[in-house]
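Each remark here refers to the structure printed beneath this line.
Since every read-out is calculated from the coordinates, none of them should be taken as a lab result. Here the structure is a predicted model, which is why all the values come from computation and not from measurement. Here the Cβ positions follow ideal geometry from the backbone for every residue, glycine too, while neighbour counts run over all protein chains shown.
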Amino acid sequence: MRLRLMDINTDFDALANYGLAGLRRHRIERLTRQTYDQGALLTYEDLALLLTTSPATVKRDIFFLRKEGKFIMTRGTKLDMGPGLSHKSIILDLYFKGYSFTDIELKTNHSKEAVDRYIKDYHRVEILWNHDIKDPDKISHLSRLSKRIVQQYIDLLPAKFKNSFSKNMDA
């Protein structure tokens with residue numbers, strides 16, 4: 001795993017504009033996004049070690065960032081979310097509300113590539129669903145997405161699609 005602990009281009013701006021706490025929060029955003037984009041998640045303790053601070057300070061900073069509407073993904077967040085609310089659903093909700101890709105990236109602390117991937121994958125599942133392919137195994141095979149991911153996207157389909165499917169099943 002490769003992490004950029006310091007980014008001269010943005011770190012000095014964060015320090016100049018928001019002080020040490022702002023710099024630390026800026027780095028928390030960057031580090032959590034980088035690890036997530038590489039398929040991993042950091043704990044508060046990991047972040048504290050990387051930033052030479054305490055887990056309590058990291059917890060307070062993440063609370064502050066979330067209060068500002070930032071989506072910071074940590075190992076604890078992922079475990080707390082369970083099967084319900086996910087970063088995919090948050091990204092898609094913002095997309096359907098008409099937010100720009102840049103705004104979605106900023107609000108969710110996800111890379112452009114991740115946002116693009118979630119939206120494209122969702123649309124692949126949606127298109128298959130709208131073409132009367134309702135079996136998650138078939139959708140998984142055709143979309144080349146795991147069955148678990150397919151089911152997450154099916155769960156996010158608007159109720160109008162799922163209701164028309166259940167009415168057809170009752171007939």
Which one, [x] 63, 29, 26; [y] 75, 44, 31; [z] 121, 33, 24, gives Cα extents along the principal axes in Å as derived from the coordinates shown? [x]
Using the alpha-carbon atoms, what tilt in degrees (0 to 90, nearest 10) does helix 159-170 show relative to the longest principal axis of the chain? 30
Can you return the aspartates and glutamates within cross-link range of Lys134? Criterion is Cα-Cα under 20 Å, with same-chain partners fewer than 8 residues away left out. Asp121, Glu126, Asp155, Asp170
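Give, as a single signed number, the net charge of other residues whose beta carbon lies under 12 Å from the beta carbon of Leu23, with Lys and Arg counted +1 and Asp and Glu -1.
-1
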C-alpha long axis of helix 87-96 to longest principal axis of the chain, angle in °: 70
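Find how much the distance from Lys67 to Leu50 grows on full extension, using 0.36 nm per residue of separation minus their present alpha carbon separation; answer in nm with one decimal.
3.8 nm
Going by how many other Cβ atoms sit within 10 Å of their own, how do Val150, Val115 line up, fewest first?
Working: Val150 24, Val115 20.
Going from sparsest to densest Cβ surroundings: Val115, Val150.
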Neighbourhood net charge (13 Å Cβ-Cβ; Lys/Arg +1, Asp/Glu -1) for Lys120: +1
Let's see if you can work this out: charge +1 on each Lys and Arg Cβ, -1 on each Asp and Glu Cβ, no other charges. What is the dipole magnitude of the chain about its Cα centre, in debye to the nearest 20? 160
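Let me check against my output: what whole-number percent is the relative contact order of the chain, with C-alpha pairs under 8 Å and at least 6 apart?
Working: 130 pairs, mean separation 25.3, N = 171.
The value is 15 percent.
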Anything over 24 Å Cα to Cα? Flag those among Lys67/Lys88; Lys70/Lys138; Lys59/Lys97, in the order listed. Lys70/Lys138; Lys59/Lys97
Report the charge-dipole magnitude of segment 8-81 in Debye, nearest 20, computed about the Cα centre from +1 at each Lys and Arg Cβ and -1 at each Asp and Glu Cβ. 180
Qualifying aspartates and glutamates (Cα of each under 14 Å from Cα of Lys107; at least 8 residues distant if same chain): Glu29, Glu68, Asp93
Positive-end residue, the chain charge dipole about Cα centroid, Cβ charges, pick of Ser100, Ser54, Tyr122: Ser54
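Nearest 500 deg cm²/dmol is fine: what mean residue ellipticity at 222 nm does the chain get from its DSSP H runs of n ≥ 4 alone, each adding -39,500 (n - 2.57), divided by its residue count?
Working: 10 runs with 125 residues, N = 171.
One gets -23000 deg cm²/dmol as the mean residue ellipticity at 222 nm.
Within 11 Å, Cβ to Cβ, of Asp11, how many net charges do the neighbouring residues add up to if Lys/Arg are +1 and Asp/Glu are -1? It would help to have the intermediate numbers written out before the result.
Details: positive: Arg4, Arg24, Arg27, Arg30; negative: Asp7, Asp13.
Net charge around Asp11: +2.
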